[in-house]
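See structure below.
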Amino acid sequence: MLLTIQTSFPKILLVGLTLLSCTTFYAQKEINKPAPFVRVYDLNGKKTSKGRIIEITDSSLVVSRGEKPVSIELGKIGFIKTKRSAGNNILWGAGIGVSTGLIAGAIEGESEGYFGTTIPAEENIITAAIVMMPFGAAIGAITVLFKKSNTYPIAGDPTIWQAFKKAMQEE
């Protein structure tokens with residue numbers, strides 16, 4: 001027993017030092033967080049724009065829609081919701097479920113079916129993807145419960161707008 005511990009100690013020490021040397025230490029380094037993603041709705045409740053915040057002025061909000069900045073006047077903003085919609089989580093979950101099913105089906109390959117038949121690999125891949133899609137979508141739906149999205153009712157009011165600006169600076 002003692003001989004086993006003595007011979008494995010150098011291996012354990014080597015693995016520990018290797019893991020320790022692979023880590024990088026960041027002391028007091030600022031993390032560049034991306035700008036908050038927002039969805040902007042007009043006074044009638046219709047979504048007019050969405051994207052990452054570029055700038056918040058006293059009279060407008062500028063969001064990035066891809067490469068193109070969009071400016072929205074304060075008087076036209078009914079409310080603003082932060083983060084993406086629940087459908088985004090569900091869609092990502094379904095996509096991950098399909099991908100997992102494709103991989104699992106490909107690994108399974110050709111298999112033995114009922115009554116001595118053989119199921120082709122393509123059918124296994126498609127079946128696994130179809131079966132895994134709702135599971136992924138369900139997991140995406142569960143993640144919606146943990147999303148901390150906020151709604152800011154602006155209604156074109158400059159005092160509420162100032163509170164929104166302050167909240168976005170803190171986020």
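Distance between the pseudo-spin-label points of V131 and I54 (7 Å out from Cα toward the beta carbon): 4.9 nm. Label-to-label distance for I107 and T151 is 4.2 nm, based on points extended 7 Å past Cα in the beta-carbon direction. Specify whether the C-alpha gyration tensor of the stretch 28-81 places it in the rounded, prolate or oblate class, a ≥ b ≥ c being the square roots of the eigenvalues: rounded for a/c under 1.5, otherwise prolate if a/b is larger than b/c and oblate if not. The shape class here is prolate.
With a threshold of 21 Å on the Cα-Cα distance, the over-threshold entries among K68/K148; K81/K165; K68/K166; K68/K147 are K68/K148; K68/K166; K68/K147. A full extension of the chain between I142 and L43 corresponds to an added length of 32.6 nm, given 0.36 nm per residue minus the alpha carbon distance.
Placing dummy labels 7 Å off each Cα toward the beta-carbon, the span from N32 to T18 is 3.3 nm.
Values in this text are rule-based calculations from the coordinates and carry no lab data. This structure is a prediction, so every number in the text was calculated from the model and none was measured. Using ideal geometry, Cβ is built from the backbone for each residue, glycine included, and neighbour counts are taken over all protein chains shown.
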